[in-house]
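Values in this text are rule-based calculations from the coordinates and carry no lab data. All values derive from a computational prediction rather than experimental measurement. Methodologically, a virtual Cβ is constructed for each residue, glycine included, from the backbone with ideal geometry; neighbour enumeration extends over all protein chains shown.
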Amino acid sequence: MDRQEYLRLADGCLDQVIDWLEAFDPDEVDFTSADGVLKVEFPDGAVYVINRQAAVDQMWFAAGSRAWHYDWNGSEWRCDKDNHELLSRVAESISEKIGRTVSF
């Protein structure tokens, strides 16, 4: 994948998560985004981070003490360790944090 394609896919992923997060009450889940880094913030001060890692053509997601790296497989971002899908993991992690089930 060339640099332009990677950036298009990575930024599209971040935009998709931002669009999804906009439906949340900001008192429950808030977010900020800049330069390929999306910070998901919670009332207790916890911050989850989704960011593009252009040097390795990956997306990274950190939630608390856990972190994952994702490669593009031609149709979606998949974990380089156990092959789970990025957006599903984001929804699962946020569900655990806020105490209710949410999904993309």
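Things to note:
- Site pair A23 and E96 shows an inter-label distance of 2.2 nm when each label is modelled 7 Å from Cα along Cα→Cβ.
- Loop-located trypsin sites (Lys or Arg not before Pro) in segment 1-100, at most 13 other Cβ atoms within 10 Å (DSSP): K81, R100
- The value of relative contact order for the chain, using C-alpha pairs under 8 Å at least six residues apart, is 14 percent.
- For segment 86-102, the Karplus equation 6.51 cos²θ - 1.76 cosθ + 1.60, evaluated at θ = phi - 60°, returns couplings of 4, 5, 5, 5, 4, 4, 4, 5, 5, 4, 4, 5, 8, x, 8, 7, 10 Hz by residue, with Gly and Pro reported as x.
- Mean-position separation - Cα centroids, segment 40-104 and segment 21-39, in angstrom: 13
- Applying the Karplus relation 6.51 cos²θ - 1.76 cosθ + 1.60 with θ = phi - 60° to segment 57-67 yields 3J(HN,Hα) values of 6, 10, 10, 10, 10, 10, 10, x, 8, 9, 8 Hz, where x marks Gly and Pro.
- Available extension along the chain between D44 and H69 is 6.5 nm, counting 0.36 nm per residue and deducting the alpha carbon span.
- Label-point separation in nm, K81 to M1, each point 7 Å along Cα→Cβ: 2.0
- For segment 46-54, Karplus couplings with θ = phi - 60° (6.51, -1.76, 1.60), whole Hz, Gly/Pro x: 5, 9, 9, 10, 10, 8, 8, 10, 4
- Assigned charges on the beta-carbon of Lys, Arg, Asp, Glu; the chain dipole about Cα centre (debye): 320
- Nearest 10 degrees, 0 to 90: helix 3-21 Cα axis against the chain principal axis: 20
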